Amino acid sequence: MLAAEIVTADGETERLDDVAALPAGSVVTALELALHPADDLYAGALFFSFDRADEVMHAWREWTATAPAEITSMARLMRFAERHDEPELVRARAFAIVEAAHLGTPAEGAELLAPLRALRPELDTFSIVPPSALGHLHMEPEHPEARLADDGLVGELEPQAIDDLLAVAGPASHSPLATVELRHASGALETLRRGYFTHAAGTPADAASAAAIEAQLALVAAALAPYGAVALNP
């Protein structure tokens, strides 16, 4: 991370070449990054039944406390649509999922993931892949589709933050959102003084479903607000 463009608390726009000196109350509007070539990655996802979301999300939160910068990960609550283009194994089902990508050997990646694999996932897709495969592993749509989404940054996640998030997005919430994600900001990204990125999204079919999705996005944001959440697209 080479530089950041920010808007300060008094509304001024500045460029910072030292992102560790981010002023309190400022909002980051742009980042300048240096890209580095990367060989194949050890990456994939662990799928757990949705009724284990509490166990999985808490275990992942604890695991990120010691995860090195060479591995990036996220935990997500994902509801798959009942569509013919969804694989039969996941169609119309919901899961707690941990995704990760490790810049290192498969043996090193497997050792790092061992505590999460010990939870015995229903499906394990980890393998050696090129960087270009990460979008596919994240199960991004193959074609453009309408989405309503909200993104943010949040500081260190307390256990209660996971509980509050699950109350509005977990198995008992009947949420209309397709995905609710916590993405661990490891390595240089921690200079932003935020431990995790958040992302939540739903695919509206009509005006009524759009309204329901918007309302649920607001509930997710409110659940994380007590833990220092900052919206990226207010």
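Observations on the structure shown:
- Point-charge dipole on Cβ atoms (K/R +1, D/E -1) for the chain, about Cα centre, debye to 20: 440
- Glu214-Ala172 pseudo-label distance in nm [points 7 Å out on the Cα-to-Cβ vector]: 2.9
- Where labels lie 7 Å past Cα in the beta-carbon direction, separation of Ala110 and Glu145 in nm: 3.4
- Accessible surface of the chain [probe 1.4 Å, protein heavy atoms]: carbon and sulfur percent: 56
- Spin-label pair Leu134/Asp206, simplified geometry with 7 Å Cα→Cβ offset, distance in nm: 3.9
- Charge-dipole axis of the chain as Lys and Arg at +1 and Asp and Glu at -1 on Cβ define it, positive-most pick from Ala69, Gly228, Phe48: Phe48
- Amide H contacts for Ala3 (H built 1.01 Å from N in the peptide plane; partners 5 or more residues away or on another chain; cut-off under 5 Å): Glu32.
- Sequence-ordered 3J(HN,Hα) estimates for segment 30-37 from the Karplus curve with 6.51, -1.76 and 1.60 and θ = phi - 60° stand at 7, 10, 10, 10, 9, 8, 10, x Hz, glycine and proline given as x.
- For Tyr196, the residues whose amide H sits under 5 Å from its own are Val154, Ala185, ignoring neighbours fewer than 5 places away on the same chain, with H placed 1.01 Å from N.
- In sequence order, segment 54-62 has phi-based couplings of 4, 4, 5, 5, 5, 5, 5, 4, 5 Hz under the Karplus curve 6.51 cos²θ - 1.76 cosθ + 1.60, θ = phi - 60°, and Gly or Pro positions carry x.
- Cα shape, segment 8-82, gyration tensor, a/c 1.5 rule: prolate
- Computed [θ] at 222 nm, helices only, for the chain once each DSSP H run of length n ≥ 4 contributes -39500 (n - 2.57): -7500 deg cm²/dmol
- Cβ-Cβ FRET estimate between Ser49 and Ala69, R0 fixed at 45 Å, reported to 0.05: 0.90
- Whether segment 34-134 is rounded, prolate or oblate, judged on the alpha carbon gyration tensor where a/c under 1.5 counts as rounded: oblate
- Accessible solvent surface per residue of the chain, calculated while the other protein chains remain in place, 1.4 angstrom probe, Å²: 52
- Between Asp124 and Ala38, residue separation times 0.36 nm minus the direct Cα-Cα distance comes to 28.6 nm.
- 5 angstrom amide H check on Ala229, placed H, neighbours 5+ away: Gly155
- Intensity falloff of the chain expressed as log10 I(q)/I(0), Debye formula with alpha-carbon point scatterers, at q = 0.14 Å⁻¹: -0.99
- Karplus-derived HN-Hα couplings along segment 207-217 (A = 6.51, B = -1.76, C = 1.60, θ = phi - 60°), whole Hz, x at Gly and Pro: 4, 5, 5, 4, 5, 5, 5, 4, 5, 6, 4
The values are calculated or read from the model by the stated rules, or taken from the named source; none is laboratory data. This one's a predicted model, so the numbers in the text were calculated from it and none came from an experiment. Here the Cβ is made from the backbone with ideal geometry for all residues, glycine too, and neighbour counts use every protein chain on show. What goes into the accessible areas is simple: the full protein's heavy atoms, side chains included, and nothing from ligands, DNA or RNA. Shrake-Rupley method; radii C 1.70, N 1.55, O 1.52, S 1.80 Å.
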